[in-house]
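To start, the structure itself, in structure tokens.
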Amino acid sequence: ETKPSILSVNNIEVVYDEVILVLRGVSLEVPEGEIVTLLGPNGAGKSTTLKAISGLLKTERGEVTRGSVNFMGEEISNRDPEAIVRRGIFQVMEGRRIIGDMTVIENLRLGAFTRRDGQVRDDIERVFSYFPRLKERTGLAGYLSGGEQQMLAIGRAVMARPKMILLDEPSMGLSPLLVKEVFNIIHKINREQGITMLIVEQNANMALHHAGYGYIMESGKIVLDGTQTELLNNQDVKDFYLGHG
Ligand code: ATP
């Protein structure tokens, strides 16, 4: 059974500052409702791929110079980030980017900025049901631990009621125990809210434990892709990405 893609990235090239070629023809498909992971070493172009989808590339003098990004049947490459958020794609940036001098609830309300319905309060409670420890934190978000800030950043994305969330290294800076907890919650949100997830990770073990399909990127190109089982059993993936013991 092949589910229809909600997102198709077709052979994109990305250039920064008009000259620095970073993506050299990247294609990937994300089926609706699934979790897909994008793996690869530092500097491979994973974050750039996410930014090409969310439009945040524009804020860093980057541009999609070839190929297309199709979301729900619509071409979105090089559109404004805000227009893309309104179409239903929300990116959780690497390093979390929560607003430190605002409270948890104020940060969560920010996530709902595109919405006009009156259910923001209910959604805040729903986010607290996923991340109970956030509810206990009534001070400024800047005083949260790294793990709590990551949870808040994911909670803020959920507040937007997006169709798809792009996660840039949710495991970064977290203890192994917290990484496990955060991934379990991501998976729960995917199941319960039906939100499609594209997750960039260095932690291939954890990402492949949760994603049904994965892509591996090196030097601006996809070098391998496959189902969870195919990648977990692939000798190169075992040697270079999964480590031993
Ligand atoms: P990491 O895990 O380190 O973030 P990555 O796979 O996400 O790695 P990118 O951050 O997409 O990789 O970077 C890919 C390449 O693009 C790197 O060589 C990087 O130096 C370059 N790059 C990233 N952002 C910019 C920018 N704003 N201007 C110029 N070059 C950039």
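The values are calculated or read from the model by the stated rules, or taken from the named source; none is laboratory data. Since this is a predicted model, take the numbers as computed values, not measurements. All Cβ positions, glycine included, derive from the backbone under ideal geometry; neighbour counts span all protein chains shown. Ligands, DNA and RNA are excluded from the accessible area calculation, which covers all protein heavy atoms including side chains. Shrake-Rupley method; radii C 1.70, N 1.55, O 1.52, S 1.80 Å.
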* Asked: residue 129 accessible area, nearest 10 Å², 1.4 Å probe?
  -> 70 Å²
* Taking only the alpha carbons of segment 127-188, what extent do you get along each of the three principal axes, in Å, biggest first? -> 30, 25, 18
* Asked: Given a 1.4 Å probe and the protein chains all in place, what does the accessible area of residue 165 round to, in Å² to the nearest 10?
  -> 0 Å²
* Mind grabbing the accessible area of residue 93 for me, 1.4 Å probe, Å², rounded to tens? => 30 Å²
* To do: Working from Cα positions, state the angle (0 to 90°, nearest 10) between the long axis of helix 176-193 and the longest principal axis of the chain.
  => 90 degrees
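State which stretch of the chain is the longest one without any exposed GluC sites (Glu not before Pro), exposure meaning a DSSP loop state and at most 13 other Cβ atoms within 10 Å.
On the way: sites that count: 1, 18, 136.
By the stated rule (loop sites, at most 13 other Cβ atoms within 10 Å), 19-135.
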* What do you reckon, how do 209, 187 stack up by accessible area (1.4 Å probe), largest on top? -> 209, 187
* Over 25 Å between Cα atoms, which of 58/135; 51/135; 3/58; 51/163 qualify? -> 58/135; 51/135; 3/58
* Structure fact -> The percentage of the accessible area of the chain (probe 1.4 Å, all protein chains present) made up of carbon and sulfur atoms, to the nearest whole number, is 47 percent
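Counting alpha carbon pairs within less than 8 Å and at least 6 residues apart, what relative contact order, in whole percent, applies to the chain?
Contact order relative to length: 26 percent.
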* With the calculation restricted to Cα positions, what are the radius of gyration and Dmax of segment 149-234 in angstrom? -> 13.1, 37
* Asked: What is the log10 of I(q)/I(0) for the chain, computed with the Debye formula using one identical point scatterer on each Cα and no solvent, at q = 0.07, 0.16, 0.17 Å⁻¹?
  -> -0.22, -1.19, -1.33
* Regarding segment 1-137, what is the average projected area of its C-alpha convex hull, in nm²? -> 10.5 nm²
